[in-house]
1. For the range 126-180, how many residues are more than 11 Å from the chain's Cα centre (by Cα) and closer than 19 Å to Asn106 by Cα?
2. Considering each of Ala44, Ala79, Ala51 in turn, give the residue that is of a type outside the set (S, T, N, Q) and surrounded by 15 or more Cβ atoms within 10 Å (Cβ to Cβ).
3. Can you find a residue in the range 122-132 that is assigned by TED's automatic domain parsing to the domain that holds Glu185, assigned to a helix (DSSP H, G or I) and buried (at least 22 other Cβ atoms within 10 Å of the Cβ)?
4. Does Leu104 fit the bill of being of a type in the set (A, V, I, L, M, F, W, C) and under 26 Å from Arg66 (Cβ atoms)?
5. Do we find a residue being charged (D, E, K, R) and in contact with a Leu (Cβ under 8 Å, 6 or more places away or on another chain) anywhere in the range 80-99?
6. Starting from residues that are among the basic types (Lys, Arg) and at pLDDT 95 or above, keep the ones in the range 98-121 and report whichever is surrounded by the most Cβ atoms within 10 Å (Cβ to Cβ).
7. Do we have Val58 as among the hydrophobic types (A, V, I, L, M, F, W, C), assigned to a loop (DSSP other than H, G, I, E, B) and outside the structural domain of Ala178 (by TED's automatic domain parsing) here?
8. Among the listed residues Ile150, Ile159, Ile125, Ile84, which satisfies the condition of being touching a residue at least 24 places away in the same chain (Cβ under 8 Å), in contact with a helix residue (DSSP H, G or I) (Cβ under 7 Å, 6 or more places away or on another chain) and not aromatic (Phe, Trp, Tyr)?
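The values are calculated or read from the model by the stated rules, or taken from the named source; none is laboratory data. Remember, predicted model here, so these are calculated numbers, not experimental data. Note that we place each Cβ from the backbone using ideal geometry, even for glycine, and neighbour counts take in every protein chain shown.
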Amino acid sequence: MLSKQLKDIYDVLYKRFGPQEWWPGDTPFEVIIGAILTQNTNWANVEKAIANLKKARVLTPEKLYRLDTGKLAQLIRPAGYYNIKASRVKNFLDWLFINHAGKLANLQKIHSDSLRGELLSVNGIGRETADSILLYAFKRPVFVVDAYTIRICSRHHIIDSGANYDQVKNLFESNLPADSQLFNEYHALLVHLGKDFCKPKPRCADCPLNHLHHI
């Protein structure tokens, strides 16, 4: 029943909104940096920060690893909280170089659960960021949960109001096929729904999910 409900929601949103083309980024490394920078800000600000890194020609693991933290902070200034985020980027790079020779290719061989555990050990990388990296940079079938997902699922009685991140993640992963493309699209569609309809003050009358009788 729950599997059908989740599938129906996906089908309705996909039909209404179409493919979302996530995650914007030319390389897996750019996706990872974007996932760290997008914490507590909107994507338009992240794009400006990424554009600065590209213009400075430092958007590679080696160059960012060698770059002074203060200079990095100035380049990513548009993303907000730039000193904190510069430290988080550096923490990720320190982990990558100390443990994996600075090569993303070395991470490909690591099982998703183990890699998630390693990412979560990096100071400044939480569950949503770690799962975004696994899904969008490494194409692993890991469901990303954010505030929109929790709000939508709670309002449609798919989860209890007190459900935590991992409970919601497991609910999606255990009721849908383990397909990274499906998880990619589903997360992006929920974000679209959350931004445009399922806001703190919801626009229920216009919501695409309105006619799903079993919700």
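1. Number satisfying all stated conditions: 4.
2. Testing whether each residue is of a type outside the set (S, T, N, Q) and surrounded by 15 or more Cβ atoms within 10 Å (Cβ to Cβ) leaves just Ala79.
3. no
4. The answer is yes for Leu104.
5. Scanning the range 80-99 turns up at least one residue that is charged (D, E, K, R) and in contact with a Leu (Cβ under 8 Å, 6 or more places away or on another chain).
6. Arg116
7. yes
8. Ile125
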